[in-house]
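Quick notes on the structure that follows.
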Amino acid sequence: MIDDAGLSGLVILTRNSMTELRRDGNQIVAGSGVFLPHLSKFAAREGFSGFEFLIGIPGTVGGALAMNAGLTVFRPREMVSIVQSFDVVNQDGSIETLTMNDIHSGYRHTDLLDEKRFVLQVRFRLDDEGDPDEIRRNTFDHLAERKRKQPLDKPTAGSTFKSPPGSKGAGWYIEQAGLKGFQIGGARVSPVHANWIENLGNATAADVRQLMEHIQQTVQNHSAIKLEPEIITLS
């Protein structure tokens with residue numbers, strides 16, 4: 001999320017310029033701006049499973065790798081589990097090819113974020129070959145399940161808070177605190193899934209930030225659980 005005051009400096013919109021997506025032997029090569037659902041559908045057409053979990057994640061390849069995007073429900077999987085190698089630009093301007101062994105990753109985090117490296121493109125392993133029609137069916141079954149439980153038809157930034165330790169997700173705690181549908185300005189806790197904040201059309205970054213802070217305080221008062229943001233704010 002970008003602060004309402006904007007950013008001082010260069011902003012690169014990868015989804016308009018870094019969108020190469022192709023098969024190269026036993027791997028898929030994707031530019032950092034490739035939309036994750038496009039990657040999921042492409043892998044299905046090529047006859048490879050393992051990418052179904054990306055179909056409903058509203059993000060791009062570069063950002064998803066940097067934060068290790070994934071799912072903790074349905075069929076849990078993380079971005080780093082399918083990456084073979086990737087190219088980055090370092091702060092000194094040098095370009096380097098890395099594998100997952102070269103970085104540290106965890107739940108919704110890699111040290112690419114800490115070191116402020118810019119992801120250029122990613123190469124994905126193709127391990128699980130199968131019937132393209134069956135994989136496509138599984139992919140769209142997965143999407144239908146996500147649409148039933150998450151507000152994929154609304155403008156959001158995806159999951160708002162990381163899942164706290166234990167068997168309950170952040171959305172469960174937010175719902176138990178009675179916050180489903182709670183609204184500040186143009187930002188609303190989704191009535192479909194409480195861990196998603198919907199933009200009703202006129203939400204500002206301040207609206208979202210204030211709503212997140214209200215959620216954190218209310219959940220802590222109600223359940224003694226401190227929710228950690230999954231959304232990163234840039235200012």
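Computed values, structure above
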quantity: Given (1) buried (at least 19 other Cβ atoms within 10 Å of the Cβ); (2) under 18 Å from residue 2 (Cα atoms); (3) of a type outside the set (S, T, N, Q), number of the condition residue 170 does not satisfy; calculated: (2)
quantity: The lone exception for residue 44 - which of (1) closer than 20 Å to residue 134 by Cα; (2) in contact (Cβ under 8 Å) with a residue 24 or more places away in the chain; (3) under 16 Å from the mean Cα position of the chain (by Cα) it fails; calculated: (3)
quantity: Matching option when the condition is over 30 Å from residue 203 (Cα atoms), at pLDDT below 90 and acidic (Asp, Glu), among 46, 20, 96, 115; calculated: 115
quantity: Residues of the range 31-60 that turn out to be in contact with a His (Cβ under 9 Å, 6 or more places away or on another chain) and among the β-branched types (Val, Ile, Thr), as a count; calculated: 1
quantity: Residue 153, sole failed condition from (1) under 17 Å from the mean Cα position of the chain (by Cα); (2) over 24 Å from residue 227 (Cα atoms); (3) not in a loop (DSSP other than H, G, I, E, B); calculated: (3)
quantity: Residue match in the range 158-173 (condition: at pLDDT 95 or above, part of a helix (DSSP H, G or I) and farther than 27 Å from residue 40 by Cβ); calculated: yes
quantity: From the options 93, 25, 56, 62, residue that is touching a strand residue (DSSP E or B) at 6+ places or on another chain (Cβ under 6 Å) and small (Gly, Ala, Ser); calculated: 62
quantity: Lone qualifier among 130, 106 - being in contact with a Ser or Thr (Cβ under 7 Å, 6 or more places away or on another chain), farther than 18 Å from residue 33 by Cα and of a type outside the set (S, T, N, Q); calculated: 130
quantity: Matching residues, the range 106-119, being more than 23 Å from residue 77 (Cα to Cα) and surrounded by 15 or more Cβ atoms within 10 Å (Cβ to Cβ); calculated: 117, 118
quantity: Candidates 135, 197, filtered to the one that is buried (at least 16 other Cβ atoms within 10 Å of the Cβ), touching a strand residue (DSSP E or B) at 6+ places or on another chain (Cβ under 6 Å) and part of a helix (DSSP H, G or I); calculated: 135
quantity: Test: residue 67 is farther than 22 Å from residue 19 by Cβ, in contact with a strand residue (DSSP E or B) (Cβ under 7 Å, 6 or more places away or on another chain) and either modelled with pLDDT of 90 or more or surrounded by fewer than 23 Cβ atoms within 10 Å (Cβ to Cβ) (or both); calculated: no
quantity: Selection count, the range 200-211, where residues are assigned to a loop (DSSP other than H, G, I, E, B) and surrounded by 17 or more Cβ atoms within 10 Å (Cβ to Cβ); calculated: 1
quantity: Residue among 121, 183 that alone is closer than 30 Å to residue 92 by Cβ and at pLDDT 95 or above; calculated: 121
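The values are calculated or read from the model by the stated rules, or taken from the named source; none is laboratory data. From a predicted model like this one, the values you see are computed outputs, not experimental measurements. Don't worry about glycine lacking a Cβ; one is built from the backbone with ideal geometry, like all the others, and counts go over all protein chains shown.
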